[in-house]
Amino acid sequence: MANESNETVNVTINGVAAAVPRGARIIEAAEQLGIGIAHYCYHPGLSAPAMCRMCLVEVEGAPKLAPACVTPVAEGQVINTESERARAARTGTLEFYLLNHPLDCPICDKSGECKLQDFTHAEGRPHGRSVEPKRVLGLDDFGGDILYQGNRCIMCTRCVRFMREIAGADLLGVVQRGHRSAIDTFFETGLEGSLWAGNIVDICPVGALLSKDFLHKARVWDLDNTPSVCPNCAQGCNVRLDTRDNLVVRIRPRLNPAVNSYWMCDYGRHQYEWLNQPDRVQTPMQRGAEGELVPVGWQEVLPALLARLQQRHGPLVVLGSPMLGNEDNGLLARLAGRLGGGTLRYRSAQAEAEVPCPGFPALARRRELTANGRGLELLGFQRTGTMAGEGGLTDLAGATVIVLGDALEDQPADFAAGVELLVVLGQRPTAAARSAHYLLPVCTCAEQEGTFPNVHGLVQRFWPALQPPPLARPAWQVLSVLLAGLDDGAPVNSAGGAFLRLGELYPEYAGLSYEQLGSRGALINEPVVRPAGKGA
Amino acid sequence: MAYPYRDEREVRILSAHFGDPEARTLAGWRQRGGYEALGQALALSPEQVTEIVKNSALRGRGGAGFPTGLKWSFLRNDGRPHYVLVNSDESEPGAFKDRELCRWTPHQLLEGALINAYAIRAQHVYIYMRGEFFEPAQIVARAIDEAYAAGIAGPDVLGSGVTIDVTLHLGAGAYICGEETALMNSLEGRRGQPRVKPPFPAVFGAFGQPTNINNVETLCTVPHIIRNGADWWRSIGTDKSTGTKLFNMSGHLVRRGNFEFPLGFNMKELIYDVCGGIRDGRSLKAVIPGGSSVPMLAAHELDIPCAYERVATAGSKLGTASMIVMDDRTDIVKQVRRMVEFYAHESCGQCTPCREGTAWLARIMRRIEAGQGTEADLALLVDLGKNMTGTTICVLSDSAAAPVLSSLAKFKDEYLALIGRAAPVAAAV
Ligand SMILES: Cc1cc2nc3c(=O)[nH]c(=O)nc-3n(C[C@H](O)[C@H](O)[C@H](O)COP(=O)(O)O)c2cc1C
Ligand code: SF4
Ligand code: SF4
Ligand code: SF4
Ligand code: FES
């Protein structure tokens, strides 16, 4: 990429004169000017072999067309991507790509986001000129989640380079030579066990590499793509949640140069089914006269709950959710404070070890397997329970317990038996949740806006990708109504407002706003040391 | 074995000792003046040696004809390890000069390579030899052993204190490994496929270090130039193509083999007088003057001097001066088809126009040969040939297109004849 200094050179691309960073490649400079140059082998996160020959552009004075992916810009350079020669080269090369390509778009998962489709549609010949049969290779199981459909492969070697340069494991190679070339694994060693291999499906420009998990699951044009943050570890990889019919069907990385580059781990990528729980708490419920749970409207339940909370006798224990954002957990901690203080806890699963990405070490699958463990610590919550995120809840006799999210998943149906009052702002009607005195339906992180601070203290936003059950509400909204009832200001009416409120309560977040975080996040202020387990 | 054919008019400098087994041994080579030039070079500064080669206007004999001294001068004395690579991969159909130089005069090659190494301050020479060169490899290996034993190679070359090691490395049978950067990859144990340039070998070559790569024949001339001077070399040949060159003559000729002539020697004379013309009293149809990668010349185009610049003016290239001469019975379409199949087989497959184009050309050529071509196919061949030219990392792609384009330009009637008796085209599958 361009050098760090601010030096620039003057170039003209397609008649547009501009100063671009010295050392930039033509393809990058053009991109800056909003001029896209067709390419297959080039990927900004990998080395550039300049072999696909799609990006050839005309540089005035040069005898041959230049590959824009490796040719650096130079002072006074006049570049044309649309000259007769450059166009003819692209159209010609595209025809070579289609020579052996099956064009089985109707059954190809890549269809709709396929670069061969896109470029052929844009500039390809309307009719093929080959009358010979096409080359046929079988479907190869590369191990792990990956299938290889060799017929569709355009031999760009992005996958080979990714495994070598980023995954740090030379598990793929080009076998054979010339038109007999194909991608293959080595002998019996496949991609099984690689934590990073899933990325090759994303970067394959065509449908040659397929995810078994996503295979024939959806046509990509039917998907909605929502920017989000991977909820599955403290790294906070920037991702997109791809959803269809209100279900997450795949997670893919979204560029963030500081956090995850173009990549994410397979652990995070494949943990999305928990966002797709059909069995949800549908309406607010409270104990009826017979002790059974009865549905009740929000307007009724909140004043009742507030009154009940104010009458409690025993100690207060609050269980935060590392799968929900700062806004929810922050207002929960605030509520504990306004109720006279309590113990703040959370439970989370942790892995044995961190697994760094060899080619991009800033990225690691972290030990903390939740997105917001770090945020909870900042808010004063204390981790309890085992590595697996179980246990740690044996001392609740006589206490009032407020639980956020599905933190009681592993607990029995008589969980509430010994406690004075159990309030669950939950998602699923788990056995223990159903023993609550108040069970209030709240959104998951995929159903609302919010923020997670990652392991380095970078606060990042996520956006709603799924529709919550009709009566579920974001927890911050429920909590802010309760807080208003305790004379703690007016209820906030947006996640962004809740975040601002957080800034008033916690110096770590002071002065930050959603606008400032944007899509790349911002670092929190210097953390304050506050007594662990106690709220603000 | 004595060398098969000789001609009075030859100027034998490189090939003076072809056919003389004694010249293969170190003792025999020394008796013939061997390693004097190396001694002379070691007494000069590396820059002076390069200057002499530069002044000789020697052009590389590996095909491209790039000025050798200029290429040597690209290397900087920057303290990084430098390498000399000897390109002995000779796999171009029609070429068989480097093989003979290795077989008969291994010390001539070693001497040139050592001078080259001294001139660019390289401490290691790798001779990359085509894997099928079994006999030449044995002979060169023996010469290397002799040179080490005599203190000519190794830690103290001829007592000069200069270290130059020599390693013989055998390829595994890929034409593309003769391309200089593919050769480097192959030498390093990677896939033998050309690298994108820049960076050029002088900056980033073998093992990522500054490297100078030269053809066997190029290096074999170097000792003679050092011994006799640049002016002497320039006095032979033409202004732009200095010195002598081995002409590897093959095909339907009465006399075939290697002949050494000053560059600029008349092509017609070479074919008709030196090589005795066409066998069996037939007439000449076409000549590929520089190895299979260059365009064909028709019979009426041969009255030209065999110099780089003059063959280029005639629309072809002198290349390696490996001439394939074809008589009037030659089926041009079949010959071209075979060449194209060779390139399709040898394409490394990186670049799409080459990977797909070579194989497609071959399929169309097979179809035409089988009498199932159409006139549209001829236009298609031209189009594909153009799309394969100038669009790839190395010139193998251009080379595959060259015989197709040139034969279509010059022998279209042969294609048309095949199309004339065309059966209905098979339906597309
Ligand atoms: C496809 C291809 C094959 C080549 N094969 C050879 C070869 O076998 N021997 C050779 O000396 N040069 C070969 N070359 C040329 C080399 O790349 C390089 O130009 C040469 O080794 C330079 O040496 P010279 O300057 O002494 O000619 C080949 C080039 C290409 C593109
Ligand atoms: S499988 Fe995909 S990424 Fe890999 S070489 Fe083929 S087209 Fe490129
Ligand atoms: S490293 Fe962590 S944040 Fe990134 S994808 Fe994996 S689990 Fe998700
Ligand atoms: S032109 Fe052909 S042989 Fe040369 S690098 Fe490209 S694919 Fe390989
Ligand atoms: S993107 Fe430049 S050659 Fe592939």
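The values are calculated or read from the model by the stated rules, or taken from the named source; none is laboratory data. The shown structure was predicted, so the numbers you read here are calculated from the model rather than taken from an experiment. With ideal geometry, Cβ positions are generated from the backbone for all residues, glycine too; neighbour counts draw on all protein chains shown. With ligands, DNA and RNA removed, areas are computed over all heavy atoms of the protein, side chains included. Shrake-Rupley method; radii C 1.70, N 1.55, O 1.52, S 1.80 Å.
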statement: Using the Cα gyration tensor of region B:289-390, the equivalent ellipsoid's semi-axes, largest first and to the nearest Å, work out to 25, 18, 13
Chain B, relative contact order in percent, only Cα pairs under 8 angstrom and at least six apart counted: 16
- prompt: Going toward the positive end of the dipole of region A:276-379, with +1 on Lys and Arg Cβ and -1 on Asp and Glu Cβ, which of A:Q299, A:V317, A:L369 do you reach last?
  reply: A:V317
field: Residues in region A:132-148 occluded by at least 10 Å² - accessible area, probe radius 1.4 Å, against chain by itself
entry: A:E132, A:P133
- line: Here region A:498-513 yields Karplus 3J(HN,Hα) values (6.51, -1.76, 1.60; θ = phi - 60°; whole Hz; Gly and Pro given as x) of 4, 5, 4, 4, 4, x, 6, 8, 10, x, 4, 9, 4, x, 8, 9
- request: State the Cα centre-to-centre distance between region B:351-394 and region B:24-49 in whole Å.
  value: 49
- request: Once you have the Kirkwood Rh of region A:285-523 from its Cα pairs, apply Stokes-Einstein at 20 °C and 1.002 mPa s and quote D in µm²/s.
  value: 118
statement: Regression test value, accessible area per residue of chain B, probe 1.4 Å, units Å², expected 36
task: With all protein chains present, calculate the accessible area of A:T189 using a 1.4 Å probe and round the result to the nearest 10 Å².
output: 80
task: State, to one decimal in nm², a quarter of the convex hull surface area for the C-alpha atoms of the protein assembly as shown, i.e. the direction-averaged projected area.
output: 47.3
field: B/A buried area, accessible surface, summed, 1.4 Å probe, Å²
entry: 2900
message: Rounded, prolate or oblate, given the Cα gyration tensor of region B:21-234, with a/c below 1.5 counting as rounded?
response: rounded
message: Going by Cα centres, region B:230-269 and region B:277-292 are how many Å apart?
response: 17
query: Over chain A, one equal point on each Cα, no solvent: what is log10 I(q)/I(0) by the Debye formula at q = 0.10 Å⁻¹?
result: -0.87
- prompt: What Rg and what Dmax come out for region B:226-379 when only alpha-carbon atoms are used, in angstroms?
  reply: 17.9, 60
message: What number comes out for accessible area per residue over chain A if the probe is 1.4 Å? Units Å², please.
response: 40
statement: Amide H contacts under 5 Å for B:N266, restricted to residues at least 5 apart in sequence or on another chain and with H modeled in the peptide plane, are B:C306
- prompt: Just the Cα atoms of chain B, one point each, no solvent: what log10 I(q)/I(0) does Debye give at q = 0.10, 0.13, 0.14 Å⁻¹?
  reply: -0.69, -1.12, -1.27
- prompt: In region A:160-208, what residues drop by 50 Å² or more in accessible surface going from the chain by itself to the full protein assembly, probe 1.4 Å?
  reply: A:R177, A:G178, A:H179
message: Can you give me the angle between helix A:475-485 and the longest principal axis of chain A, using Cα atoms only, in degrees from 0 to 90, rounded to the nearest 10?
response: 30
- request: Averaging sequence separations of C-alpha pairs under 8 Å and six or more residues apart, then dividing by the length of chain A, give the relative contact order as a whole percent.
  value: 11
- prompt: What are the principal axis extents of the Cα atoms in region B:244-327, in Å, biggest first?
  reply: 33, 23, 20
message: Using only DSSP helix segments of four residues or longer, with each worth -39500 (n - 2.57), what per-residue ellipticity at 222 nm results for the protein assembly as shown after dividing by its residue count and rounding to 500?
response: -8500 deg cm²/dmol
task: Determine the residues within region B:172-210 where the difference in accessible area between the chain on its own and the full set of protein chains amounts to at least 40 Å²; count protein heavy atoms only and use a 1.4 Å probe.
output: B:R191, B:V196
task: Could you work out the relative contact order of region A:285-523, using alpha carbon pairs under 8 angstrom and six or more residues apart, expressed as a whole percent?
output: 19
statement: Any residue on another chain or 5+ positions along whose placed amide H is under 5 Å from the amide H of A:Q382 is listed here as A:L344, A:R345, A:Y346, A:G533
query: Whose amide H sits under 5 Å from the amide H of B:R59, counting only residues 5 or more places off or on another chain, with H placed in the peptide plane?
result: B:T68, B:T242
message: Give me log10 I(q)/I(0) at q = 0.24 Å⁻¹ for region A:194-253, Debye formula, one equal scatterer per alpha-carbon, no solvent.
response: -1.17
- line: For region B:59-208, the accessible surface attributable to carbon and sulfur atoms (probe 1.4 angstrom, ligands and nucleic acids excluded) amounts in percent to 54
message: So if I take the centroid of the Cα atoms in region A:190-269 and the same for region A:44-79, what is the distance between those two points in Å?
response: 30
Over region A:8-82: Rg over Rh, Cα atoms, Kirkwood Rh: 0.92
query: Which percent of the accessible heavy-atom area of region A:8-82 goes to carbon and sulfur, probe 1.4 angstrom?
result: 52
- prompt: When the convex hull of the Cα atoms of region A:338-386 is projected onto a plane and the area is averaged over all directions, what value comes out in nm²?
  reply: 4.2
field: Nearest-ten-degree value, helix B:134-149 long axis tilted from longest Cα axis of chain B
entry: 10
- request: Could you order A:T451, A:T8, A:T91 by accessible surface area, starting with the largest, using a probe radius of 1.4 Å?
  value: A:T8, A:T91, A:T451
message: How large a share of the accessible area of region B:332-422, in percent, is made up of carbon and sulfur atoms when the probe is 1.4 Å and the other protein chains stay in place?
response: 52
Degrees separating the helix B:216-228 axis from the principal Cα axis of chain B, which is the longest one: 40
- prompt: How large is ³J(HN,Hα), in whole Hz, for each residue of region B:75-85 in order, when computed from phi with the Karplus curve 6.51 cos²θ - 1.76 cosθ + 1.60 and θ = phi - 60°, using x for Gly and Pro?
  reply: 7, 9, 7, 10, x, 6, x, 10, 10, 10, 10
3J(HN,Hα) from dihedral phi, region A:75-85, Karplus parametrisation 6.51/-1.76/1.60, rounded to Hz, x for glycine, proline: 4, x, 4, 10, 10, 10, 8, 10, 5, 3, 5
